[in-house]
Amino acid sequence: MNKSLASLFLLAASSSVAYAAPASGPNMSAIIMFLIFIAGTMGITWWAARRTQTTADFYTAGGGISGFQNGLAIAGDYLSAASFLGIAGMVYVSGFDGMIYAIGFMFGWPVVMFLIAERLRNLGRYNFADVTAFRLKQTPMRVLAASASLLIIALYLIAQMVGAGKLIVLLFNINYTTAVLIVGSLMMVYVTFGGMTATTWVQIIKAVLMLFGATLMTFLVLKAFSFSPDQLLKEAVDIHPTGRDILAPGSSVSSNPLNALSLGIALAFGTAGLPHILMRFFTVANAKEARKSVIWASSFIGYFYILTFIIGFGAIALLVRHPEFYITDAQGNFDMLKSLIGGTNMVAVHLANAVGGHLLLGFLAAVTFATIVAVVAGLALAGAAAISHDLYANVFAKETATEEKQMRISRLSTISLGVLSIILGIIFENQNVAFMVGLAFAIAASSNFPVLVLSISWRGCTTRGATIGGFLGLITATVWVVLSKTVWVDVFGYAEPITPFPNPGILSIPLAFFAIWLFSVLDKSADAAKEKAAFDALTVRSQTGLGASQASAH
């Protein structure tokens, strides 16, 4: 992408904002910081585009990212709209129970650290499907991986697009559909032209800004209560409609223990099945750097989630002092849980305005926007890899898939995913973003995770078992979600859901593991014997890295 194209897109973005916003409305600090961010990231994309010549450059930045840089980029990828907007909003509504998502998101990292990261880097080339296809059959493994990845990416995209759309509507007072179009268009430019290099550096910059912004907000919240957490929590308890219940973990669990357990299992194991997170381990040079990536990412992410807890309770205590943030009746009364302008996903944004004024609001809005665009770009890149590398290059075209053709398919896939993300963002406008990401985790834990873990750690795993078990987990989780209140009632408009609770993990994850084991044990074919014999080569490669190369094909 050349400079003139970047300038043209920047002008178009700024013009759309200027045209759509009313004369009295938009926050000028936010607009200026938005445009600075867009200009900076367009510059990165232009720089990266000149270095993105091959599929290895496009998917993995040529393997040239350090462990520390990749740790920041993973944190940037992982700290999505759900992590900031969604969790802060859930703490505001449910108190301590709102942290169940943060605890679950965090718990997944030891699983990645000890079961996945090093082996993934030693065995794979561009994405985790390379690992599952190392000793199992290429076509069924890649079709399964692509099917699961695209569904997970679609759910994840919904959360990011809804968060971005609501944020821009709140700040610029423009149409929600227009806001979603802007985000989707930016994502398509970053990924189509800059590939993984541009996406990585956008994520690194965004992670630094996000950590700084959340730290500053936490400092200002605590400063308002003389740096006394006790005073902060006391005021939150006095204000919140549920009183001391916001400090008592378990109210959400007691209402439906199976759903809470199901959610916890999915969050714990879903991280190890997310295609855009797993893809990041191929951007480093070796397994040692992959391990460093996890350690740095876990540190940054854990620190950030501690801050969201304080931000959520700070919002309870401070926002009610600002009636202008709520939709009020004729007497000036409002319901703090139902009347917040922009909905509870915008709690953190309103809190920034309350503690730091328009300047902090503008900064936080720009950072949150950067968060969403960076995550959407990572998702689109993982989706493009599933379509181009897994389906096109290894299933349909096979030996005829040249580098040039793969790059063309990748970029067309990115554009298609951008259009899909815009459509889904519009359809699911009113969903809580953290909840939507929870569903994506459930599907990742029900399909990708069982297949990935058993294919690299159990000699008896066969293609037949992995395919049946993976698809069974995928279909069970998907059908369960569709028949739950989230889709069946809230989207389709039926009166009652068919499934008793929305999170499918408690059924779909054990079912996938059991099916992989059962159909692998029952598989007595000659191919199964060869696949079991190939386990020794896989073990040596996964543990030592001998033969692993960023540029080599299997």
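The values are calculated or read from the model by the stated rules, or taken from the named source; none is laboratory data. These numbers come from a predicted model, not from an experiment. No Cβ is skipped: glycine too gets one built from the backbone with ideal geometry, and neighbour counts run over all protein chains shown. For accessibility, only protein heavy atoms count, side chains too; no ligands or nucleic acids. Shrake-Rupley method; radii C 1.70, N 1.55, O 1.52, S 1.80 Å.
Return one whole number: the accessible area per residue of the stretch 41-83 in Å², for a 1.4 Å probe.
Each residue of the stretch 41-83 exposes 25 Å² on average to a 1.4 Å probe.
Give the share of C-alpha pairs in each 10 angstrom bin for the stretch 273-323, from 0 to the last occupied bin, in whole percents, shortest bins first.
Result, from short to long distances: 20, 32, 21, 16, 9, 1 percent.
Which one of Leu412, Val320, Thr368 is farthest out on the positive end of the charge dipole of the stretch 302-459, using unit charges on Cβ (Lys, Arg +1; Asp, Glu -1) and the Cα centre as origin?
With unit charges placed on the Cβ atoms, the residue in question is Leu412.
Can you tell which of Asn127, Ala382, Trp480 lies farthest toward the positive end of the dipole of the chain, using +1 and -1 charges on the Cβ of basic and acidic side chains (Lys, Arg; Asp, Glu)?
Among Asn127, Ala382, Trp480, the one farthest towards the positive end of the dipole of the chain is Asn127.
Size of the stretch 428-492 along its principal axes in angstrom, Cα-based, largest extent first?
45, 19, 12
How big is the equivalent ellipsoid of the stretch 270-401 along its three axes, where each semi-axis is √(5λ) from the Cα gyration tensor, reported in whole Å from largest to smallest?
On the way: eigenvalues 351, 75, 29 Å².
Its equivalent ellipsoid spans semi-axes of 42, 19, 12 Å.
What are the principal axis extents of the Cα atoms in the stretch 311-360, in Å, biggest first?
30, 18, 18
Give me Rg over Rh for the stretch 347-484, both radii from the alpha carbons and Rh done the Kirkwood way, two decimal places.
On the way: Rg = 19.7 Å, Rh = 18.3 Å.
Expressed as Rg/Rh, it is 1.08.
How are the C-alpha pair distances of the stretch 79-204 spread across 10 Å bins, as whole percents from the shortest bin up?
Percent of pairs per bin, in order: 10, 26, 37, 21, 5, 0.
Taking the radius of gyration and the Kirkwood hydrodynamic radius from Cα positions alone, what is the Rg/Rh ratio for the stretch 382-447, to two decimal places?
Numbers: Rg = 15.2 Å, Rh = 13.7 Å.
Result: Rg/Rh = 1.11.
In the stretch 68-137, if every C-alpha pair distance is counted and binned at 10 Å from zero, what percent goes to each bin?
With 10 Å bins starting at 0, P(r) equals 17, 36, 28, 15, 4.
Taking 8 Å as the Cα distance limit and 6 or more residues as the minimum spacing, I'd like the relative contact order of the chain as a percentage. It would help to have the intermediate numbers written out before the result.
Details: 997 pairs, mean separation 158.8, N = 554.
Across the chain, relative contact order equals 29 percent.
Determine how many Å³ per residue the convex hull of the Cα atoms of the stretch 408-542 encloses.
Numbers: hull volume 19.6 nm³, N = 135.
In the stretch 408-542, the Cα hull volume divided by residue count equals 145 Å³.
In the chain, with Lys and Arg counted as +1 and Asp and Glu as -1 at Cβ, which of these residues, Ile239, Thr308, Met279, has the Cα nearest the positive end of the dipole, that is, farthest along it?
Among Ile239, Thr308, Met279, the one farthest towards the positive end of the dipole of the chain is Met279.
Dipole magnitude of the chain about its Cα centre, charges +1 at Lys/Arg Cβ and -1 at Asp/Glu Cβ only, in debye to the nearest 20?
Numbers: 31 positive and 24 negative charges, 293 e Å.
The dipole magnitude comes to about 1400 debye.
Given N residues in the stretch 139-209, what is its alpha carbon radius of gyration divided by 2.2 N^0.38 Å?
Values: Rg = 15.0 Å, N = 71, 2.2 N^0.38 = 11.1 Å.
My calculation over the Cα atoms of the stretch 139-209 gives 1.35.
Given +1 on the Cβ of Lys and Arg, -1 on the Cβ of Asp and Glu, and no further charges, what dipole in debye does the stretch 398-505 carry about its Cα centre, rounded to the nearest 20?
On the way: 7 positive and 6 negative charges, 77 e Å.
Approximately 360 debye in magnitude.
Residues with amide H under 5 Å of Tyr326's amide H, sequence separation 5 or more or different chain, H placed in the peptide plane at 1.01 Å from N; which?
Counting only residues 5 or more places away or on other chains, the set is Ile341.
Leaving ligands, DNA and RNA out of it, report the carbon-plus-sulfur percent of the accessible area of the chain at a 1.4 Å probe.
Numbers: 13330 of 19970 Å².
The C+S portion of the solvent-accessible surface of the chain is 67 percent.
First obtain the Kirkwood hydrodynamic radius of the stretch 109-153 from its Cα pairs, then insert it into the Stokes-Einstein equation at 20 °C and 1.002 mPa s, and state the resulting D in µm² per second as a whole number.
Working: Rh = 11.2 Å.
It comes out at roughly 191 µm²/s.
For the chain, what value does the Rg/Rh ratio take when both radii are computed over Cα atoms and Rh is the Kirkwood radius, given to two decimals?
Numbers: Rg = 23.0 Å, Rh = 23.7 Å.
That ratio is 0.97, to two decimals.
Restricting things to alpha carbons, tell me how big the stretch 161-292 is in terms of Rg and Dmax, in Å.
20.6, 53
Suppose every K and R has +1 on its Cβ and every D and E has -1 on its Cβ; what is the size of the dipole of the stretch 268-335 about the Cα centre, in Debye to the nearest 20?
On the way: 5 positive and 4 negative charges, 125 e Å.
With Lys and Arg at +1 and Asp and Glu at -1, about 600 debye.
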